[in-house]
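Engineer: Let me give you the structure first, and then I'll get to my questions.
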Amino acid sequence: MKGVREENEPINVPIWHKANLTIKEAAAYSRIGENSIREMLKYENVCISFQVGNRRLINRELFDDYIKRLCCGRL
């Protein structure tokens, strides 16, 4: 039946619609390397991510704002 999703079928949401991104998704979204993003997240004044278990998630809107401030030199 069309329009009905099976229970085990994954839900695919575009990256630009997600509230939180994994490091791998953030790298694809921003075209910044995963290692560079990990380095960014080490600084205490960068509060754009949180940890759930072993997974580090990055708030997409805060990440966008942080990148814009980096580009404008307003950090």
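Engineer: If packing is taken as the mean number of other Cβ atoms within 10 Å per residue, what is the order of 45-53, 18-26, highest first?
Structural biologist: Values: 45-53: 11.3, 18-26: 16.4.
In descending order of packing, they fall as 18-26, 45-53.
Engineer: When ligands, DNA and RNA are left out and all protein chains stay put, how many square angstrom of accessible area per residue does segment 5-75 have with a 1.4 Å probe?
Structural biologist: On a per-residue basis, 80 Å².
Engineer: Still on this structure, I have one more. Among Tyr43, Leu21, Gly53, whose Cα lies farthest out toward the positive end of the dipole of the chain, if unit charges sit on the beta carbon of Lys, Arg (+1) and Asp, Glu (-1)?
Structural biologist: Farthest towards the positive pole: Tyr43.
Engineer: Residue by residue, what Karplus-based ³J(HN,Hα) values in Hz, rounded to whole numbers, does segment 51-68 have, using 6.51, -1.76 and 1.60 with θ = phi - 60° and x for Gly and Pro?
Structural biologist: Listing the rounded values in order: 10, 10, x, 8, 9, 9, 10, 10, 5, 5, 5, 5, 5, 4, 4, 4, 5, 4 Hz.
Engineer: Follow-up. Normalising by the residue count of the chain, find the relative contact order in percent from Cα pairs under 8 Å and 6+ residues apart. Write out the running numbers ahead of the final one.
Structural biologist: Values: 53 pairs, mean separation 20.8, N = 75.
So the answer I get is 28 percent.
Engineer: Determine the dipole magnitude for the chain: charges of +1 sit on the beta-carbon of Lys and Arg, -1 on that of Asp and Glu, nothing else is charged, the reference point is the Cα centre, and the result goes in debye to the nearest 20. Present the calculation step by step, with values, prior to reporting the outcome.
Structural biologist: On the way: 13 positive and 10 negative charges, 42 e Å.
That gives a dipole near 200 debye.
The values are calculated or read from the model by the stated rules, or taken from the named source; none is laboratory data. Please read these numbers as outputs of a predicted model, since none were measured by experiment. FYI the Cβ positions are ideal-geometry reconstructions off the backbone, even for glycines, and counts take in every protein chain you see. These accessible areas exclude ligands, DNA and RNA; they are computed on the full protein's heavy atoms, side chains included. Shrake-Rupley method; radii C 1.70, N 1.55, O 1.52, S 1.80 Å.
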